[in-house]
Amino acid sequence: MIDNVDGMVESIVLNSQMQSCVSDGETEVNHQIMAHYFEDELFCPVCGASRRQKVEKFSSYQIFDIIEPEHKIEFKQFPIVHIATCLQCSTKTTMVLYEGPERLELAILRNAYGGCVTENTPKEVKYYLDQAYRARMLSALSAAMAMYRSALEWILYEQGYKNGMLGAKISKLEDDISNNIAPRWANDMPVELLTAIKNIGNGAMHTNGGDISKQQQIDGSLIELVDIVFTELLDVIYEQPIRRSKNLKKLESVANNLSK
Ligand SMILES: [Zn+2]
């Protein structure tokens, strides 16, 4: 996968050719020259899953050295830009490897809405999930987490929980579950998951007792997990009822014809 710095660098190295040249008339130096294009896997927001991509080198000429024995990759210039095209739906992704304040970083910029949105996700929820996705693609993970929290608040608002802050909305949902008047999806989704997302979202925005290092717990794998939970939540709330109703209509239509 090329959705992270290490994966991208590994793929570039794998798809490069070694070229020897002689400098100072004597010393032979080996440079790795990047291939004009290669293929690899990347999440496609339009296909909604990981897809094979054609990854084309955008910058005209780029080389790097491999410094032994630590096998360190040393690029000769930045930024390194590639354009990835989904082989299934042609969605294009601009991938920029650049020098961040502390280390090499990767920006992933798309020509389509990103994140874990589904076909019938309301546009307000889609907006916040897209914001989360954009922040995530630039490694701004606390900012992404704050946007996931807002997306959750919008989902509850849209589902009829309009009063109070997010905590009050979740409490009302819990009361409704106890009284058997909650929306049907609430029985398929542990409400503790929503509370955890709220609490992590709060932690992303608050001072946490003056300890900024706590923010580091919001890392790439945690955000990946939050994204998976949202994918499931959106499916249960907005897709499953439509799917079930369509399937039922089909089955009933055939059943009716057969019983005539
Ligand atoms: Zn695609």
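The values are calculated or read from the model by the stated rules, or taken from the named source; none is laboratory data. As the structure is a computational prediction, the values presented were derived from the model and not from experiment. Note that we place each Cβ from the backbone using ideal geometry, even for glycine, and neighbour counts take in every protein chain shown. SASA here: full protein model, heavy atoms, side chains in, ligands and nucleic acids out. Shrake-Rupley method; radii C 1.70, N 1.55, O 1.52, S 1.80 Å.
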Meets criteria (closer than 23 Å to L141 by Cα and either touching a residue at least 12 places away in the same chain (Cβ under 8 Å) or part of a strand (DSSP E or B) (or both)) for I66: no
Specify which of the listed residues (A168, A182, A196) is assigned by TED's automatic domain parsing to the domain that holds Q131, of a type in the set (G, A, S), open to solvent by 40 Å² or more (accessible area, probe 1.4 Å) and over 15 Å from A146 (Cα atoms). A168
Count of the range 69-84 residues which are more than 16 Å from the ligand (Cβ to nearest atom) and in a strand (DSSP E or B): 7
Can you name every residue in the range 28-46 that is outside any strand (DSSP E or B), open to solvent by 60 Å² or more (accessible area, probe 1.4 Å) and more than 11 Å from the ligand (Cβ to nearest atom)? H36
Which residues, counting only those in the range 85-116, are within 16 Å of the ligand (Cβ to nearest atom) and either over 24 Å from M147 (Cβ atoms) or touching a Pro at 6+ places or on another chain (Cβ under 8 Å) (or both)? T85, C86, L87, Q88, C89, S90, T91, R110, A112, Y113, G114, G115
Restricting attention to the range 233-252, report how many residues are exposed (fewer than 14 other Cβ atoms within 10 Å of the Cβ) and either of a type in the set (A, V, I, L, M, F, W, C) or touching a residue at least 12 places away in the same chain (Cβ under 8 Å) (or both). 3
